[in-house]
Amino acid sequence: MRFGVLILLVGSVIACSPAEVAPSLAVVGSLAPVVASEAPTPAPSAAPVPTPSSTPVPTPSPTPVPTPSPTPLPTPTPTPTLVPAPLTGRPVSADVAARHPIAVMIDDLRPARPQSGLNAADIVWHAPAEGGIPRYMAIYQSRMKTDIGPVRSSRVYYVLWAAEWRATYVHSGGSPQALALLRRKGAGAYVYDANEFAHGGAFERATTRFAPHNLYTDAARMRRLGKRLGAKDKPLESVWQFAPDAPLEDRPTGGRLKVPYPLNAITYSYDRDTNTYRRGVTGQRAQIDAFDGQRVAPKNVVVMTVTFIQTGDSKHRLEGDVIGNGKATISTNGRTVVGTWKKASAKAPTRFFDADGQPVTLTIGQTFIQVVPRGTKVTYKAGTEPGAAIPSPSPSTGPSPSTGPSPSPSP
């Protein structure tokens with residue numbers, strides 16, 4: 001049975017036609033053959049190549065250049081208004097012109113030379129002290145940068161010259177008459193008394209010289225001391241007339257004067273180029289200032305004749321009659337004028353006049369005043385004029401004053 005079934009199945013398979021073996025893809029119940037075909041492979045389309053866009057290069061933004069701010073112009077320093085210095089006529093600021101003057105007594109014995117501070121002074125008085133030996137009083141107002149010394153003692157007539165400016169009066173002791181006057185008038189009535197005996201801290205002793213020729217100070221310290229004593233700065237009225245230097249072509253060539261004192265003969269030689277009088281002293285033909293190392297050479301030289309008397313003390317001190325009038329010669333711009341000096345009172349200024357009674361005009365700059373006793377023979381030699389020569393003034397005549405016994409230095 002089983003075998004018969006198997007045969008039947010095989011026969012059935014054989015009986016089937018190839019067409020009946022349909023692919024599994026035929027639709028059931030359809031006798032039409034179904035041809036299976038491959039789906040066509042689509043042709044690859046070219047992938048679009050993106051057009052490269054250019055990478056934008058960033059345009060650098062320009063570095064901003066700062067607009068330069070205009071450089072501010074410096075504010076110009078105003079030019080100070082200059083006025084004539086009252087003691088010299090030099091152009092100085094108003095502050096300088098108002099400085100309170102300082103008058104310093106300076107030694108002139110041989111051990112004191114060379115002195116310091118003469119060149120910085122506006123006015124220098126040079127007069128007999130004891131036994132006719134001279135002593136300086138230097139007045140400082142427009143120039144204060146200097147050492148000064150050696151400082152020495154006072155005399156009445158120097159106090160009266162310092163009183164013309166109510167100066168701070170600097171000294172180391174003095175004659176009994178001078179000290180008595182300073183006790184009465186030294187608190188500003190005549191001067192401001194700057195005695196080394198009372199204000200020793202403003203002075204010092206040099207170790208290179210022996211006393212009493214070694215006492216020094218300086219203008220700045222004396223100015224401070226003067227303020228402590230009550231001196232005040234204020235505008236000062238000039239008492240002399242000043243004019244600029246004469247033109248070079250109008251100046252004479254040469255010229256000389258000699259002023260004798262006991263133990264010291266002073267000479268002045270006129271220098272045409274600088275319009276100054278180059279100063280010499282006994283033993284030092286060219287007088288040099290020890291502070292600045294420069295030749296002492298003022299613009300003006302005045303010689304005053306004064307009556308002196310001896311006080312009768314053991315130091316042979318002198319007193320001079322400096323209130324009143326007397327003979328004077330004034331040398332400036334290489335020429336010498338014969339005239340007079342006048343001082344009306346203790347505090348009145350000493351003025352100089354020509355033979356006609358007119359005020360003498362000085363050259364702008366420093367003035368040296370040589371004070372001599374009556375009878376002193378001062379000699380002059382005129383220079384050669386650019387055109388015609390002029391006669392020199394007649395020298396003072398008369399015997400030189402007797403020196404008496406050789407004096408010892410006094411305080």
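Values as computed for the structure displayed
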{"quantity": "Mean Cβ count within 10 Å, highest first, over the residues of peptides 72-78, 220-226", "calculated": "220-226, 72-78"}
{"quantity": "Stretchable slack from Thr71 to Asp250, in nm (0.36 nm times residue separation minus alpha-carbon distance)", "calculated": "59.4 nm"}
{"quantity": "Projected label distance in nm at Ser345 and Thr282, using a 7 Å step from Cα toward the beta-carbon", "calculated": "4.0"}
{"quantity": "Dimensions in Å of segment 195-276 - Rg and Dmax from alpha carbons", "calculated": "20.2, 53"}
{"quantity": "Gyration tensor verdict on segment 91-232 (Cα atoms; rounded if a/c is under 1.5, prolate if a/b is larger than b/c, oblate otherwise)", "calculated": "rounded"}
{"quantity": "Estimated vicinal HN-Hα couplings, Hz - segment 373-380 in sequence order (Karplus 6.51, -1.76, 1.60; Gly, Pro = x)", "calculated": "x, 4, x, 5, 8, 9, 10, 10"}
{"quantity": "For segment 115-192, radius of gyration divided by Kirkwood radius, i.e. Rg to Rh on alpha-carbons", "calculated": "0.95"}
{"quantity": "Whole-angstrom Cα spans of segment 170-308 along principal axes, big to small", "calculated": "51, 40, 34"}
{"quantity": "Listed peptides 311-322, 368-379, 134-145 by packing density, highest first (mean Cβ within 10 Å)", "calculated": "134-145, 368-379, 311-322"}
{"quantity": "From phi via Karplus (6.51, -1.76, 1.60), per-residue ³J(HN,Hα) for segment 89-98 in Hz, x at Gly/Pro", "calculated": "x, 5, x, 9, 5, 4, 5, 5, 5, 9"}
{"quantity": "Calculated over segment 347-390: convex hull of Cα atoms, volume per residue (Å³)", "calculated": "171"}
{"quantity": "Two-site label geometry, Ser314 and Ile364: point separation in nm, points 7 Å out along Cα→Cβ", "calculated": "5.3"}
{"quantity": "Contour minus Cα-Cα distance for Asp321 and Asp354 (0.36 nm per residue)", "calculated": "9.8 nm"}
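Computed from the coordinates by the stated procedures, all read-outs in this text should not be read as laboratory data. Please read these numbers as outputs of a predicted model, since none were measured by experiment. Quick reminder, even Gly has a Cβ in these numbers, built from the backbone with ideal geometry, and neighbours come from all protein chains shown.
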